[in-house]
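Take a look at the structure below.
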Amino acid sequence: MRFSFDGKEIEAEPGQSVGAALIAAGYRSWRTTRHGGAPRGVFCGIGVCFDCLVTVNGRPSQRACLTEARPGDRIEPQEGAGRDDLAC
Ligand code: FES
């Protein structure tokens with residue numbers, strides 16, 4: 001099955017996390033830090049560090065390592081905390 005990331009089609013296995021699918025597709029970073037814009041991707045892989053944040057179908061600050069990839073999902077990279085109007 002496929003989802004989109006930054007407008008590109010990404011292949012994923014059923015049950016695979018967005019983070020695992022992005023790594024398998026060759027991505028190592030997809031978020032930038034609020035201060036300094038440093039690149040971030042999967043670090044802990046277990047939902048603790050929040051380095052892997054992405055925007056999923058318009059919802060910012062979702063952890064890619066814990067988010068199951070679903071067919072047709074629209075995943076976007078994230079700058080800092082994402083959209084200020086939706087961030088919590
Ligand atoms: S990699 Fe640490 S929360 Fe996802």
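The table below lists the values:
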| quantity | calculated |
| --- | --- |
| Failed item in (1) open to solvent by 80 Å² or more (accessible area, probe 1.4 Å); (2) within 11 Å of the chain's Cα centre (by Cα); (3) not polar (S, T, N, Q), with residue 21 passing the rest | (1) |
| Near pairs, Cβ below 7 angstrom, 6+ apart or cross-chain, from segment 15-44 (touching a residue at least 60 places away in the same chain (Cβ under 8 Å)) to any residue that is open to solvent by 50 Å² or more (accessible area, probe 1.4 Å) and more than 10 Å from the ligand (Cβ to nearest atom) | none |
| Search result, residues across segment 27-51 that are open to solvent by 50 Å² or more (accessible area, probe 1.4 Å), more than 11 Å from the ligand (Cβ to nearest atom) and part of a loop (DSSP other than H, G, I, E, B) | 27, 28, 29, 34, 35, 36 |
| Tally, over segment 52-73, of residues that are acidic (Asp, Glu) and open to solvent by less than 80 Å² (accessible area, probe 1.4 Å) | 1 |
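The values are calculated or read from the model by the stated rules, or taken from the named source; none is laboratory data. Bear in mind that the values here come from a model prediction, so they are computed numbers and not experimental data. Here the Cβ is made from the backbone with ideal geometry for all residues, glycine too, and neighbour counts use every protein chain on show. Remember, those area values only see protein heavy atoms, side chains included, never the ligands or the DNA or RNA. Shrake-Rupley method; radii C 1.70, N 1.55, O 1.52, S 1.80 Å.
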